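As C-alpha cells, the structure follows; a few thoughts come after it.
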Amino acid sequence: MKRIGYIYSKIYDIDNIKYAIMKASLGKRKQKRVSAILNNMDYYAYQIRKMLINKTYIPSQPQVKTIQDASNNKIRTIYKPNFYPDQIIHWSLMLQLEPIIMKGMYEYNCGSVPKRGTSYGQRAIKKWLNKDYRSTKYCLKMDIKKFYPSIDNKILKQMFRKKIKDNDCLWLIDTIIDSNEGQPIGFYTSQWFANFFLEELDHLIKERLGVKYYVRYVDDLVLLGANKKKLHKVRKEVEMYLKSINLKLKGNWQVFRTSKRDIDFLGLRFSRNKIILRKRNALRIRRRIKKIKKKGFFFEKDASAVISYWGWIRRSNSYNFYHNYIKPVVSINLAKKVVSINAKIRANHGKRRFVSKLKTA
C-alpha cells in the first residue's frame, strides 16, 4: 500500500480553516460562542493556523452528558468538544482526511458516511433478497460490544501509520486520539476514526472470507449467504480478528433462515415479500403523532419529524399504517410547508417562527 504524504500544509491552509469554521458552525450559528467566531473569522482562523503550524494545540476538556437513545433505549455518554478551537480543528483535519479514508472504504459500510445513510443499506438488503434467493438463504447478524469506548487508541494510531507518512499530520491525529480513552461519541473525528478502525475487518469479510452480501452500519453487521456452516465459520473468523484488535462480539449473534425470520436491521424488518417498520419505531411514530394531535399546533420540529417518518414509511410496506395513524392527523404537504417557510424566515434573519394549525390530509 502506498502511503500518503504532504497533507499537513493543506490542513493549516487558511481557506481550509475558514471552510472548517463554516462547516462546524452549521445548525448552531445563533449561539453566542459560535457567532462571536463567525463575526471575527479572519482573526480566529489565523489563531488556529498558528496553533497548528507551531504545534501548540492542546485539546480542551469536552462537556460530558448522559442521554437515553430514543431508538433503542440505550444509555449513552456523549462528549461535546468546545467549538473553538476543537471542533474547528477536527473539521480542518477531516476535510483533508475524509477523501483518504473513503478510498479504502468498503462499498456497503453505510454508517456516518456522506451519501450513505440507513436508506442506502436498506436498499441493498432489499435488492439482494429479491434478486438472489440462493445466496441469501441464511443471515448472520452480529454487533460489536461497546464499540466506540473499546477502540484501542494505540492500534488505531498504528493503522493510520500504514496509510499516512506525513509526520506532522500524524502528530495532529495522535493529539486528538490521545485526548480521550477510546473514541468519544460526539466528536466529528470519532465517526470517521471508528469506520477506519474496521476497514481491515470489511476487507477480511469480503475478500478473504468471500462473503457475497454484507452490510455494516457502524458496529452492526449483517451477512447473507447460501450456507449456514460457512456463516458460522465466518463468525468465528470475525471473532478472532476482533480479538486481535481488542474488540469483542456481543453474545447475541444469530444465524437464521431468511424464509423463517425477518432481518431486523436499520429500523426495518426485511423479508422476501415485504418490508415493515420495526415495532419499536412504529410505536415511537404513533406516540409522536398522538402528541402533535393533542397540541393542535404544528411546530417546525414536529414537521421535520413527520417528514423523517414519511421517509421510513415510503421505504417499507406501511401504507395501512400511514393511512390509519398519520394521514388523519397531519399531511406530509403541510409538514413540508412548515419546514420551508421557517427556512425562508431564517434566511431573511427573522426571529419569528411559523406555526401551523393542524389540517387533515
(request) Just one of (1) more than 27 Å from G225 (Cα to Cα); (2) modelled with pLDDT of 85 or more; (3) among the hydrophobic types (A, V, I, L, M, F, W, C) trips up I276, so point out which. (result) (1)
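Is it the case, given these coordinates, that V255 is touching a Lys or Arg at 6+ places or on another chain (Cβ under 8 Å), under 28 Å from I155 (Cβ atoms) and in contact (Cβ under 8 Å) with a residue 60 or more places away in the chain?
So V255 fails the test.
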(request) Could you identify the single residue in T118, T175 that is among the polar types (S, T, N, Q) and more than 22 Å from the chain's Cα centre (by Cα)? (result) T175
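If you take the residues in the range 318-339 that are touching a strand residue (DSSP E or B) at 6+ places or on another chain (Cβ under 9 Å) and either not aromatic (F, W, Y) or not in a helix (DSSP H, G or I) (or both), which one is most open to solvent (accessible area, probe 1.4 Å)?
Step by step, filter the range 318-339, then rank; the result is K337.
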(request) Take the range 116-142 and flag every residue that is closer than 25 Å to L242 by Cα and open to solvent by 20 Å² or more (accessible area, probe 1.4 Å). (result) R116, G117, T118, Y138, K141
(request) Determine which single condition L247 fails, assuming it passes every other condition in (1) in a loop (DSSP other than H, G, I, E, B); (2) surrounded by fewer than 17 Cβ atoms within 10 Å (Cβ to Cβ). (result) (2)
(request) With the checklist (1) in contact with a Ser or Thr (Cβ under 7 Å, 6 or more places away or on another chain); (2) open to solvent by less than 20 Å² (accessible area, probe 1.4 Å) in hand, flag the one item I173 doesn't pass. (result) (1)
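Residues to consider are Y84, Y57; find the one that is open to solvent by less than 90 Å² (accessible area, probe 1.4 Å), part of a helix (DSSP H, G or I) and aromatic (F, W, Y).
Going through Y84, Y57 in turn, just one is open to solvent by less than 90 Å² (accessible area, probe 1.4 Å), part of a helix (DSSP H, G or I) and aromatic (F, W, Y): Y84.
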(request) Of the conditions (1) touching a residue at least 40 places away in the same chain (Cβ under 8 Å); (2) out of contact with any Gly (no Cβ under 9 Å at 6 or more places or on another chain), K157 clears all except one; give me its number. (result) (1)
(message) Residues to consider are K212, K157, K146, K163; find the one that is out of contact with any Pro (no Cβ under 6 Å at 6 or more places or on another chain) and within 16 Å of L249 (Cβ to Cβ).
(response) K146
(request) Starting from the range 286-312, keep only residues that are surrounded by 16 or more Cβ atoms within 10 Å (Cβ to Cβ), then list their pairs with residues that are modelled with pLDDT under 90 and hydroxyl-bearing (S, T, Y) whose Cβ atoms are within a distance under 7 Å, requiring at least 6 positions of separation or different chains. (result) I289/Y325; F298/S356
(request) Scan the range 96-113 residue by residue and report those that are part of a helix (DSSP H, G or I) and in contact with a helix residue (DSSP H, G or I) (Cβ under 8 Å, 6 or more places away or on another chain). (result) Q96, L97, E98, I100, I101
(request) Output the qualifying pairs, or none if there are none: Cβ atoms under 8 angstrom, residues six or more apart or on different chains, first residue in the range 182-200 and more than 14 Å from D152 (Cβ to Cβ), second residue of a type in the set (G, A, S). (result) P184/S190; Y188/A24; Q191/G111; Q191/S112; W192/S112; N195/G111; N195/S112; E199/G104
(message) Checking the condition out of contact with any Phe, Trp or Tyr (no Cβ under 9 Å at 6 or more places or on another chain) and at positive phi, which residue from K127, K115, K131 passes?
(response) K115
(request) Might you let me know whether the range 60-70 holds any residue that is out of contact with any helix residue (DSSP H, G or I) (no Cβ under 7 Å at 6 or more places or on another chain), within 22 Å of L97 (Cβ to Cβ) and at pLDDT 95 or above? (result) no
(request) Go through the range 1-41 and count every residue that is open to solvent by 80 Å² or more (accessible area, probe 1.4 Å) and either modelled with pLDDT of 95 or more or assigned to a loop (DSSP other than H, G, I, E, B) (or both). (result) 12
(request) For the range 209-228, name all the residues that are open to solvent by 10 Å² or more (accessible area, probe 1.4 Å) and under 17 Å from G111 (Cα atoms). (result) Y213, Y217, V218, D219, D220
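For every residue, the table says whether it meets (1) among the charged types (D, E, K, R); (2) within 24 Å of the chain's Cα centre (by Cα).
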| position | (1), (2) |
| --- | --- |
| V255 | no, no |
| K260 | yes, no |
| F265 | no, yes |
| F270 | no, yes |
| R280 | yes, yes |
| R284 | yes, yes |
| R287 | yes, no |
| K294 | yes, no |
(message) For the range 176-188, give me each residue that is over 15 Å from P149 (Cβ atoms) and open to solvent by less than 30 Å² (accessible area, probe 1.4 Å).
(response) I176
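The values are calculated or read from the model by the stated rules, or taken from the named source; none is laboratory data. None of the values given here were measured: they were computed from a predicted structure. Note that we place each Cβ from the backbone using ideal geometry, even for glycine, and neighbour counts take in every protein chain shown. Please note that ligands, DNA and RNA were not included when accessible areas were found on the heavy atoms of the full protein model with its side chains. Shrake-Rupley method; radii C 1.70, N 1.55, O 1.52, S 1.80 Å.
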